[in-house]
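Here's the structure, in structure tokens; my notes come after.
The values are calculated or read from the model by the stated rules, or taken from the named source; none is laboratory data. Fair warning: this is a prediction, and the values are worked out from it, not measured in the lab. Every residue, glycine as well, gets a Cβ built from its backbone with ideal geometry; the counts of neighbours run over all protein chains shown. SASA here: full protein model, heavy atoms, side chains in, ligands and nucleic acids out. Shrake-Rupley method; radii C 1.70, N 1.55, O 1.52, S 1.80 Å.
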Amino acid sequence: MELEAYCAWLSQAGLDAPWSRPGPLIQSKQTRVEPYVWRWADIEPRVRGSAEFVAPGRGAERRIVRLANPGVPERTSAHTISIAVQYLLPGETAPVHRHTPNALRFMLKGHGAYTIVEGEKFVMAPGDLVLTPSMTWHEHGNEGPEPVMWIDGLDSPVVRYLEVLAMEPRAKTVETTASTGAFAGRTLHYRWDDAHRELLRRADDAASPFDDVIMEYRDPVSGASVLPTIGCYLQVLRPGVETKPHRHTSSAVYHVVRGSGSSTIGDDRHDWEVGDFFVVPPSVPHSHRHRGTEPAILFSMQDVPLLKALGLYYES
Ligand SMILES: [Fe+2]
Ligand SMILES: [Fe+2]
């Protein structure tokens with residue numbers, strides 16, 4: 001029997017001989033995620049422009065504009081993390097629903113925005129972080145006098161890959177509270193003032209050569225990362241700091257909260273300013289450099305907990 005005939009014979013039975021094709025059995029795969037910077041000057045007017053075309057409500061669910069990485073066919077920011085900016089006008093609400101992806105919110109602009117999670121209301125001031133873990137009922141609203149914007153970060157690309165992506169709408173507000181629900185004891189709201197104060201306190205300690213001063217938001221009771229798939233970090237690059245390059249198997253999406261600087265990702269230098277977002281793909285060497293006189297503060301969402309849970313986190 002010829003090899004070709006043998007392979008056809010295998011195929012008839014739903015079998016395959018990978019050694020019949022050239023190349024090693026396990027081929028290394030380069031990431032398609034591209035280092036990319038989204039400028040706030042580009043994002044903000046386009047997010048405001050979305051109000052003309054879509055309103056939050058059943059069907060569309062949320063008025064969001066997603067940060068699409070040109071290297072990710074599914075139009076998410078990285079292959080594991082989906083980032084969008086959500087926009088609500090005064091008096092608007094986004095209906096209650098729940099879904100299998102874990103989500104986080106990082107408040108950007110405006111006052112009076114809230115998220116209700118399992119019946120508990122969290123008012124979101126700029127810089128606040130609010131979690132809506134997998135399958136928690138949640139809704140949003142804007143009770144302030146001006147439009148509000150925040151970052152939505154989801155692990156939906158991972159959930160989609162696992163083929164368990166699902167969303168369930170609900171007719172009306174959930175009455176139960178988190179204190180009696182399955183999420184009792186878990187911290188879902190991290191306030192900017194607390195996080196910022198803690199970051200500045202740590203700025204006196206020894207700094208990381210790769211990140212300058214960085215801290216991870218962690219549950220105060222369990223010590224766990226905020227989500228099983230995505231960890232959130234706040235870091236400050238102090239004036240004059242230039243970090244050493246390193247790389248890791250995890251990916252990161254950064255948002256510039258304050259200040260300006262540049263990051264060398266792979267071979268290219270990317271300048272960033274307040275409000276910008278940028279992505280560091282997996283295993284790409286990167287370093288950060290501060291510019292200007294004011295310390296630069298970066299908020300980042302990184303898939304470190306996922307890689308660690310799988311035993312695939314490597315750093316060099
Ligand atoms: Fe949601
Ligand atoms: Fe890094």
In segment 292-315, residue nearest to ligand 1 (Cβ to nearest atom) [restricted to those that are farther than 24 Å from D271 by Cα and in a loop (DSSP other than H, G, I, E, B)]: L310
Taking segment 97-116 and keeping residues surrounded by 19 or more Cβ atoms within 10 Å (Cβ to Cβ) and either β-branched (V, I, T) or over 20 Å from the mean Cα position of the chain (by Cα) (or both) leaves G110, T115, I116
Residue tally, condition closer than 23 Å to V256 by Cα, away from ligand 1 (no atom under 16 Å from the Cβ) and in contact with an Asp or Glu (Cβ under 7 Å, 6 or more places away or on another chain), over segment 72-112: 3
When only residues in segment 43-62 that are open to solvent by 80 Å² or more (accessible area, probe 1.4 Å) and not in a loop (DSSP other than H, G, I, E, B) count, which is nearest to F278 (Cα to Cα)? R46
For segment 9-48, how many residues are farther than 30 Å from S250 by Cβ and under 22 Å from the mean Cα position of the chain (by Cα)? 2
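Out of curiosity, is V65 outside any loop (DSSP other than H, G, I, E, B) and surrounded by 15 or more Cβ atoms within 10 Å (Cβ to Cβ)? Lay out the reasoning, then the answer.
On the way: outside any loop (DSSP other than H, G, I, E, B): yes; surrounded by 15 or more Cβ atoms within 10 Å (Cβ to Cβ): yes.
Answer is yes for this residue.
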Please tell me if V221 is under 23 Å from V85 (Cβ atoms) and open to solvent by 50 Å² or more (accessible area, probe 1.4 Å). no
Residues of segment 230-255 being within 16 Å of ligand 1 (Cβ to nearest atom) and open to solvent by 40 Å² or more (accessible area, probe 1.4 Å), in sequence order, are none
Which one of the conditions (1) on the phi < 0 side of the Ramachandran plot; (2) out of contact with any helix residue (DSSP H, G or I) (no Cβ under 7 Å at 6 or more places or on another chain); (3) open to solvent by less than 70 Å² (accessible area, probe 1.4 Å) does G23 fail to meet, given that it meets all the rest? (1)
Selection within segment 141-165 - touching a helix residue (DSSP H, G or I) at 6+ places or on another chain (Cβ under 9 Å) and either open to solvent by less than 50 Å² (accessible area, probe 1.4 Å) or at positive phi (or both): P147, M149, D155, V158
Go through segment 117-134 and count every residue that is within 12 Å of ligand 1 (Cβ to nearest atom) and either modelled with pLDDT under 95 or open to solvent by less than 10 Å² (accessible area, probe 1.4 Å) (or both). 5
Inside segment 27-42, can you point out the residues that are open to solvent by 30 Å² or more (accessible area, probe 1.4 Å) and over 19 Å from K109 (Cα atoms)? Q27, S28, K29, Q30, T31, R32, E34, P35, Y36
Residue count, segment 283-296 (criterion: within 16 Å of ligand 2 (Cβ to nearest atom), over 13 Å from H246 (Cβ atoms) and not basic (K, R)): 2
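Sort out for me the strands (runs of 3 or more DSSP E) sitting completely within segment 205-261 that have 2 or more residues that are within 12 Å of ligand 2 (Cβ to nearest atom). Working first, answer last.
On the way: elements: 213-216, 231-237, 252-258.
Qualifying strands (runs of 3 or more DSSP E): 231-237, 252-258.
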If I filter segment 262-275 down to residues being part of a strand (DSSP E or B) and open to solvent by 10 Å² or more (accessible area, probe 1.4 Å), which single residue comes out as nearest to T76 (Cα to Cα)? H270
